[in-house]
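> The structure that follows is given in the form of structure tokens.
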Amino acid sequence: MKILVCITNVPDTTAKITFAESDTKLNKTGIQFIIGPYDDYALARAVELKEQNGGTVTVLNVGEAEGEPQIRKALAIGADDAIRVNAEPTDSYFVASQIAHIAQQNNYDLILMGRESIDFNSGVVHGLVGEMLGIPSFSPVMKLDIEGSTAKFAREIDGGKEYMEAPLPLVFGCQEPIADWKIPNMRGIMTARTKPLQVVEPVAVDDMAINEKYTQPAAKGECKMIPVEDVEKLVTLLRTEAKVL
Amino acid sequence: MSVLVFVEIDNGSIKKSSQEAITYGAEVARMTNATATVLALGAADESALAQAGNFGATKVLHASDSKLTQENNMAYADVLAQAALQEGSSVIVMAKTGLGDAVAARAAAKLKASVISGVTSLPDLNGGFKVTRSIYTGKAFASVDIRSEIKILAIRKNAIEVTESGNTATVEPFYPTLKDASFTAKVTDVEKSNAELSLSEADIIVSGGRGMKGPENWQPLIDLAKALGAATGCSKPVSDLDWRPHHEHIGQTGIKVAPNLYIACGISGAIQHLAGVNGSKCIVVINKDPEAPFFKAADYGIVGDVFEVLPRLTKAIENSK
Ligand SMILES: Cc1cc2nc3c(=O)[nH]c(=O)nc-3n(C[C@H](O)[C@H](O)[C@H](O)COP(=O)(O)OP(=O)(O)OC[C@H]3O[C@@H](n4cnc5c(N)ncnc54)[C@H](O)[C@@H]3O)c2cc1C
Ligand SMILES: Nc1ncnc2c1ncn2[C@@H]1O[C@H](COP(=O)(O)O)[C@@H](O)[C@H]1O
């Protein structure tokens with residue numbers, strides 16, 4: 001079985017986000033980059049599925065060279081090889097077109113992604129890729145098993161879960177508890193250094209949408225403290241001042 | 001020309017988030033001298049669909065094929081693209097939900113359209129088509145210049161206030177061509193929580209953290225939620241510990257919510273939790289530790305024991321009704 005896992009290279013979940021170059025670029029100073037947390041779940045499950053069913057796991061990142069430490073980490077966790085499409089990930093359509101292009105050349109049985117990237121939070125790349133390849137896509141998926149050429153999985157729906165079955169190939173956007181995050185061990189880190197990481201140039205895609213400028217949310221006003229003796233006052237304040245009741 | 005709005009139906013009526021999408025679509029239609037058409041799929045009463053007019057739509061296309069009753073992003077996107085071509089729509093709007101994002105994405109690939117998810121503003125039409133969207137899990141916004149001819153927008157909850165005109169829309173049947181390839185997956189089982197209110201649609205959420213000490217202590221929180229007509233949520237450790245179901249977990253790795261009122265009970269306010277609630281209009285924090293980071297993100301704070309505060313709040317709400 002051939003599995004492709006698409007990973008993003010994103011600021012750590014605790015990072016404070018600020019901008020540089022007249023608010024047109026992320027200020028990367030002091031920021032630690034990580035594999036997107038949902039992508040990490042996808043990767044962990046891919047490695048487990050490979051252990052159970054045999055096959056290969058390829059990781060793919062559309063991004064610049066600075067993301068290579070995260071790609072190496074994915075190799076250390078258990079992926080067999082990696083592809084980096086050498087481009088700044090601009091909009092979702094661009095990224096999806098790159099992923100679809102790679103997928104068209106390789107016939108993967110499964111394409112696993114995170115439910116969303118934590119930088120752009122679109123939750124759309126899996127759907128775009130699925131449609132570009134003409135195969136179904138499901139997200140967020142929280143359980144996934146493979147039996148022969150059938151995937152058995154559970155996806156979250158509004159207020160519950162749906163258990164489903166579908167023939168491969170498929171695209172999934174993953175979230176916990178599909179697997180536990182894996183931490184690379186020493187052997188993994190050593191072998192990751194020599195695993196193949198292929199760098200390819202992007203295919204041309206029309207500019208669909210351009211991020212012109214970034215802004216930060218307005219600072220929150222002071223928190224109004226209500227003494228615990230006056231708990232009941234909160235109800236009045238929520239009704240008359242905040243007007244949310 | 002028309003603006004096409006994809007809506008979701010729940011229990012026979014148009015979901016709150018979809019009402020917002022219709023309001024948004026109708027406003028874009030007004031700005032561009034167009035009309036707003038709604039696309040509804042699956043089983044729904046004509047009278048419920050005509051309600052789309054109340055939020056500004058003039059027409060509803062209803063594809064009632066029973067195959068479309070089951071949530072299916074592949075088939076839905078196919079129908080949406082066919083409706084967009086029939087109507088000559090260059091702007092397609094929907095609510096940002098799990099289904100909305102998937103349908104938006106797949107329709108975008110079909111129509112060679114750009115798809116912008118998490119939109120928080122109406123478009124600025126001065127010299128182009130620019131919208132603001134939420135990024136970095138609510139920690140920032142991007143102003144996006146959309147260049148493609150067809151634009152698909154998934155609107156973030158609470159980005160626009162629903163307006164009601166009292167009008168009704170005309171409902172027309174819509175007969176799309178469905179492809180077998182869209183129906184290869186089958187549902188083998190469904191687990192629905194018995195909560196009447198879904199978190200993503202709720203206007204008020206009462207949420208509990210590890211400070212609730214254990215699943216057996218949830219009743220006071222549930223009582224407050226009942227009194228407020230609110231949904232219940234929780235922090236990640238709470239669902240990791242199986243105190244509450246996974247789909248209640250709010251934050252960076254869980255569900256993102258944007259209610260009018262979010263009441264956090266015994267939640268410390270870690271940045272990953274805040275990432276899921278920073279779209280809320282008003283935040284109330286109840287925590288016994290005055291140094292809890294959540295107070296910095298709150299509008300109202302009470303330093304106290306949840307087990308004392310919650311029953312008193314519930315009583316106060318009930319008394320004020
Ligand atoms: C990559 C990553 C992703 C994450 N994603 C999420 C996420 O999506 N959502 C999420 O919630 N967390 C997430 N976390 C975890 C997050 O960092 C925190 O650990 C978590 O939010 C803490 O949960 P808590 O506030 O319930 O528990 P605690 O941090 O243990 O806080 C409990 C609070 O309750 C208060 N308390 C105790 N007893 C009482 C009482 N009797 N009355 C009143 N107050 C009381 C305490 O003062 C304390 O502030 C993530 C972490 C990582 C690393
Ligand atoms: N630049 C990228 N390179 C590789 N995979 C990506 C990239 N951007 C997004 N993805 C994948 O698509 C998923 C959804 O991303 P998004 O639609 O941006 O929320 C992510 O969790 C990744 O698995």
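> Rounded to two decimals, what is Rg over Rh for segment B:204-320 when you use alpha-carbon atoms and the Kirkwood radius?
Here Rg/Rh amounts to 0.92.
> Within 10 Å of each Cβ in B:95-101, how many Cβ atoms from other chains are there, averaged over the peptide?
5
> So, one more: Can you give the angle from 0 to 90° between the axis of helix B:306-319 and the longest principal axis of chain B, with both taken from C-alpha atoms, to the nearest 10?
The answer is roughly 60 degrees.
> Between B:180, B:189, B:203, find the one with the highest GNM mean-square fluctuation for chain B; connect C-alpha pairs within less than 10 Å.
Taking springs between Cα atoms under 10 Å, the residue moving most is B:189.
> Something else about it: Just to be sure I understand: of the beta bridges DSSP finds with both ends in segment B:2-183, what percent are antiparallel, rounded to 5?
Counting only bridges with both partners in segment B:2-183, antiparallel ones make up about 25 percent.
> Hey, another quick one. For segment A:159-245, compute the orientation-averaged projected area of the C-alpha convex hull (one quarter of its surface), in nm².
15.7 nm²
> Let me check I've understood the local charge: for residue A:207, count other residues with C-beta under 15 angstrom from its C-beta, Lys and Arg +1, Asp and Glu -1. What total comes out?
For residues surrounding residue A:207, the net value is -2.
> When the expected Rg is taken as 2.2 N^0.38 Å, what fraction or multiple of it is the alpha-carbon Rg of chain B?
For chain B, the normalised Cα radius of gyration is 1.06.
> Using helices alone, I'd like the mean residue ellipticity at 222 nm for chain A: each DSSP H run of four-plus residues gives -39500 (n - 2.57), total over residue count, nearest 500.
Taking each H run of at least 4 residues, the total per residue is -8500 deg cm²/dmol.
> Right, here's the next one. Just need log10 I(q)/I(0) for segment B:1-131 at q = 0.22 Å⁻¹, Debye formula, equal scatterers on the alpha-carbon atoms, no solvent, rounded to two decimals.
Once normalised to I(0) and log-transformed, intensities are -1.47.
> Counting other C-beta atoms within 10 Å, and keeping those with at most 12, which DSSP coil chymotrypsin sites (Phe, Trp or Tyr not before Pro) do you find in segment B:13-77?
In loop regions of segment B:13-77 (DSSP not H, G, I, E or B), there are no sparsely surrounded chymotrypsin sites (Phe, Trp or Tyr not before Pro).
> Count the net charge of all other residues whose Cβ sits under 14 Å from the Cβ of residue B:173, scoring Lys and Arg as +1 and Asp and Glu as -1.
-3
> Taking each residue of B:73-80 in turn, how many C-beta atoms of other protein chains fall within 10 Å of its C-beta, and what is the average?
Partner-chain Cβ atoms within 10 Å, mean over residues of B:73-80: 3.
> Students often check this: by mean Cβ neighbours within 10 Å, which of A:131-143, A:54-66 ranks highest, and how do the rest follow?
So the order, starting with the most tightly packed, is A:131-143, A:54-66.
> Three principal axis extents, largest first, for the C-alpha atoms of segment B:151-214, in Å?
54, 42, 27
> Name the lysines eligible as straight-distance cross-link partners of residue A:233: C-alpha to C-alpha under 25 Å, and not fewer than 8 places from it in the same chain.
Cα-Cα hits under 25 Å: A:220, A:224, A:243, B:226, B:281, B:288, B:296, B:315, B:321.
> Tally Lys/Arg at +1 and Asp/Glu at -1 over every other residue whose Cβ is under 9 Å from the Cβ of residue B:55; what's the total?
Summing Lys/Arg as +1 and Asp/Glu as -1 gives -2.
> Per the Debye formula with a single identical scatterer at each Cα and no solvent contribution, what log10 I(q)/I(0) holds for chain A at q = 0.08, 0.09, 0.10, 0.16 Å⁻¹?
Computed log10 I(q)/I(0) values: -0.37, -0.46, -0.55, -1.13.
> Amide H neighbours of residue B:255 under 5 Å, counting only residues 5+ apart in sequence or on other chains, H built in-plane at 1.01 Å?
The list, which skips near neighbours in sequence, is B:249, B:250.
> When chain B is modelled as a GNM with alpha-carbon springs shorter than 10 Å, which of B:303, B:171, B:79 fluctuates the most?
Maximum fluctuation in the GNM of chain B, among the listed residues, is at B:303.
> Please pull out the direction-averaged projected area of segment A:168-212, using the convex hull of its alpha-carbon atoms, in nm² to one decimal place.
7.3 nm²
> For the protein assembly as shown, state what percent of all Cα-Cα pairs lands in each successive 10 Å bin, counting from 0 Å until the bin that includes the largest distance.
4, 18, 28, 27, 18, 6, 0
> Bins of 5 Å, beginning at zero and ending with the bin holding the largest distance: percent of Cα pairs per bin for segment A:28-152, please.
2, 10, 20, 25, 24, 12, 4, 1, 0, 0
> Residues of A:136-144, mean number of Cβ from any other protein chain within 10 Å of their own Cβ, rounded to a whole number?
For peptide A:136-144, the averaged partner shielding equals 4.
Laboratory data are not the source of any read-out in this text; all were calculated from the coordinates shown. Every value quoted in this text rests on a predicted model; they were computed, and no experiment measured them. Counting neighbours? That spans all protein chains shown, and the Cβs are built from the backbone with ideal geometry, glycine included.
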